[in-house]
1. Excluding residue 43 itself, what net charge comes from residues whose Cβ is under 14 Å from its Cβ, given Lys and Arg +1 and Asp and Glu -1?
2. Through the Karplus equation 6.51 cos²θ - 1.76 cosθ + 1.60, θ set to phi - 60°, convert the phi angles of the stretch 38-45 into ³J(HN,Hα) values in whole Hz; use x for Gly and Pro.
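Where a number appears in this text, it was derived from the coordinates with a stated rule and is not lab data. Note that the coordinates shown come from a computational prediction; the quantities given were computed from them, not determined experimentally. Positions of Cβ are backbone-derived with ideal geometry, glycine not excepted, and every protein chain shown enters the neighbour counts.
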Amino acid sequence: ADILNALIQCDRKEDFHLNQSTSTARLQELGLKWAERNRYKKEQAYQSTLNWYS
């Protein structure tokens, strides 16, 4: 339930249907994918900042 609530709060509703049963493994997979995307975006922003100051 915590993973599901976190995904809902982060507007990841398109990754699952509220009327559909979602396994814990699937929710964990979605959470990991979201975290990886978020980390990648932060790394890209950091690199852009470094390039701007170079």
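1. Details: positive: 37, 39, 41, 42; negative: 36.
Counting the neighbours of residue 43, the net charge comes to +3.
2. 5, 4, 4, 4, 5, 5, 5, 5
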